[in-house]
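One structure is given below, encoded as structure tokens.
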Amino acid sequence: MRIRTTGVVAVLGLALAASGCGGGDNDEPTANESVDAAGGKLVIWADDRRTAALKPFADRFGQENGVTVEVQAVSKDLQTNFVTAAQQGSGPDVVVGAHDWIGNMVRNGAIEPVQLSADQRSAFDETAVKAVTYNGQLYGVPYAQENLALIRNTELAPEAPATIEDLVATGKKLKADGKVTEILCLQVGQTGDAYHLYPLYTSGGGYLFGTTATGDYDPTDVGVGKPGSIEAFKKIAALGEKGDGALKRSISDTNSIATFAARKCAYLVSGPWATADAKKAELTYDISPVPGFAGGKEAQPFVGVQAFYVAAKGQNKALAQEFVANYTTRPDLAVALYEAEPRPPALTAALDQVKAKDPDLAKFTEAGRNGQVLPAIPAMAAIWDPFGKAEAAVVGGADPEKTIIAAGKTITDSIK
């Protein structure tokens, strides 16, 4: 399951102990400073799953460069802990995390740009590079990307639905025939889920932020509460508990995949992380783009990217730049991270290597071709909670126009 990466607006005043690297700020290393300076030690922070996959490569990098490399697991609140530690000068040299952390990390002075050559950049998927580019600068090296798609039990629903209305019609028939208990497994929960709703929201005519002339997201142009979002939420309401019953608050992040794997619904809106459960349940399934509303716009999922970042206040930035720019760009490392968690590699050579044995990857990639890069601007932190709560309320039967207008006001007031 994807962990929603809500931006951290304020740095928490917690006392985070230095974990393997300490002291205050150091001067920027010079270009000719050797990589084994500053004690010859590199500290990397990642979550539990990535830590295990990274360790063999970190050990090899250390051996090849005559330095010590520690990969440390931060199992909870990685972004928050990293930003706080960076403020205190006690954080790591490299951190691994989602691209939509970038705006918050840059604003707090926690990361610095990564230096990649034009040839290195061209080796990655173009969308992945765009995701880690902020204010015109490259702030991370992407290693995986992800997006939602429609995962379909082909025994129950042999054909991919062209529209969400087609999906609902088939789901209703399957339910009436006693073959399923749910029309659609799209997680909503009691507080909503903006990430999973977004494809339907865009198809209905809504948007979150407009864009500037350079294509960057514009935090001054909030689409929530505007006419397009109102129309989108009216359509979403029609799918809700007082309408077709395709969207339900009882379907949440804790049971949506399990319900699909148990053959209680024919359709699941989820990402690459869901296929392991489907395979374990021995389902026959297929993957296609999330369908939009009939006559509406194309449904556009968010595209998220996982990346390596160089800490701006790390103890050994020269070594960190060397590792991130010239080691995390290796296909074998990208493949190892894929094997630890099956998200499509951002490095084209690695994707080509693994998709031959995993046809799901190409299907997820195709389902995200028209996707929108998940906004990395700090203003995105103002979206998640009010938008999600508006979704849950409307799915439960609240007035869509009043609810989304109120959510838009909360969001814009928070951003100002």
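The values are calculated or read from the model by the stated rules, or taken from the named source; none is laboratory data. It should be emphasised that the depicted structure is a prediction, and the values quoted were computed from it without experimental measurement. Backbone-built Cβ (ideal geometry, glycine too); neighbour counts: all protein chains shown.
Among the residues of the range 366-376, the ones that are surrounded by fewer than 22 Cβ atoms within 10 Å (Cβ to Cβ) and either part of a helix (DSSP H, G or I) or of a type in the set (A, V, I, L, M) (or both) come to 2 in all.
For the structure I just gave you, tell me whether Thr154 is among the hydroxyl-bearing types (Ser, Thr, Tyr) and within 20 Å of the chain's Cα centre (by Cα). Against the criterion (among the hydroxyl-bearing types (Ser, Thr, Tyr) and within 20 Å of the chain's Cα centre (by Cα)), Thr154 does not qualify. The set of residues from the range 293-308 being in contact with a helix residue (DSSP H, G or I) (Cβ under 7 Å, 6 or more places away or on another chain) and more than 22 Å from Ile230 (Cβ to Cβ) comprises Val303, Gly304, Val305, Ala307, Phe308. On the basis of being in a helix (DSSP H, G or I) and over 24 Å from Gln120 (Cβ atoms), does Ala406 make the cut? Spelling it out, Ala406 is indeed in a helix (DSSP H, G or I) and over 24 Å from Gln120 (Cβ atoms). Restricting the first member to the range 62-83 and to residues that are farther than 14 Å from Val94 by Cβ and assigned by TED's automatic domain parsing to the domain that holds Asn326, and the second to residues that are of a type in the set (Asp, Glu) and loosely packed, with under 13 Cβ neighbours inside 10 Å, the beta-carbon pairs closer than 6 Å and six or more apart or on different chains are Ser75/Asp48. Residues considered: Ala307, Ala237. Of these, the only one that is farther than 30 Å from Leu361 by Cβ, touching a Pro at 6+ places or on another chain (Cβ under 6 Å) and touching a residue at least 40 places away in the same chain (Cβ under 8 Å) is Ala237. Within the range 154-166, the residues that satisfy the criterion of being over 16 Å from Arg263 (Cα atoms) and out of contact with any helix residue (DSSP H, G or I) (no Cβ under 6 Å at 6 or more places or on another chain) are Glu159, Ala160, Ala162, Thr163, Ile164, Glu165, Asp166. With respect to (1) over 22 Å from Asn370 (Cα atoms); (2) at pLDDT 95 or above, the lone exception for Gln115 is condition (2). For the range 39-49, a residue qualifies if it is crowded, with 17+ Cβ neighbours inside 10 Å and out of contact with any Gly (no Cβ under 9 Å at 6 or more places or on another chain), and exactly one does: Ile44. Looking at Thr68, Thr30, Thr84, Thr5, which is the one that is among the β-branched types (Val, Ile, Thr), in contact with a Gly (Cβ under 9 Å, 6 or more places away or on another chain) and at pLDDT below 85? Unique residue meeting the criteria: Thr5. Pairs meeting the criteria (first residue in the range 404-416 and without any contact (Cβ under 8 Å) to a residue 12 or more places away in the chain, second residue outside any loop (DSSP other than H, G, I, E, B) and of a type in the set (Gly, Ala, Ser), beta carbons under 9 Å, at least 6 apart or on different chains) are Asp413/Ala382. What are the residues in the range 195-219 that are crowded, with 24+ Cβ neighbours inside 10 Å and among the charged types (D, E, K, R), if any? Within the range 195-219, no residue meets the criteria.
Yes or no, residue by residue, for (1) within 27 Å of Thr202 (Cβ to Cβ); (2) under 21 Å from the mean Cα position of the chain (by Cα); (3) surrounded by 24 or more Cβ atoms within 10 Å (Cβ to Cβ):
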site: Val114; (1), (2), (3): no, yes, no
site: Ala118; (1), (2), (3): no, no, no
site: Ser122; (1), (2), (3): no, no, no
site: Glu126; (1), (2), (3): yes, yes, no
site: Ala162; (1), (2), (3): yes, no, no
site: Asp177; (1), (2), (3): no, no, no
site: Cys185; (1), (2), (3): yes, yes, yes
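For the range 128-160, give me each residue that is surrounded by fewer than 20 Cβ atoms within 10 Å (Cβ to Cβ) and among the acidic types (Asp, Glu). The answer is Glu155, Glu159.
Residues checked against (1) in contact with a Phe, Trp or Tyr (Cβ under 7 Å, 6 or more places away or on another chain); (2) surrounded by 17 or more Cβ atoms within 10 Å (Cβ to Cβ); (3) in contact (Cβ under 8 Å) with a residue 24 or more places away in the chain; (4) in a strand (DSSP E or B):
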site	(1), (2), (3), (4)
Asp221	yes, no, no, yes
Ala246	no, yes, yes, no
Lys264	no, no, yes, no
Thr275	no, yes, yes, no
Asp286	no, yes, yes, yes
Leu319	no, yes, yes, no
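With the requirement that a residue be of a type outside the set (Lys, Arg) and either assigned to a loop (DSSP other than H, G, I, E, B) or closer than 15 Å to Val132 by Cβ (or both), what does the range 343-365 give you? Matches in the range 343-365: Pro344, Pro345, Ala346, Leu347, Ala356, Asp358. Determine if the range 351-364 includes at least one residue that is buried (at least 22 other Cβ atoms within 10 Å of the Cβ), touching a helix residue (DSSP H, G or I) at 6+ places or on another chain (Cβ under 9 Å) and over 22 Å from Ala299 (Cβ atoms). There is at least one residue in the range 351-364 that is buried (at least 22 other Cβ atoms within 10 Å of the Cβ), touching a helix residue (DSSP H, G or I) at 6+ places or on another chain (Cβ under 9 Å) and over 22 Å from Ala299 (Cβ atoms).
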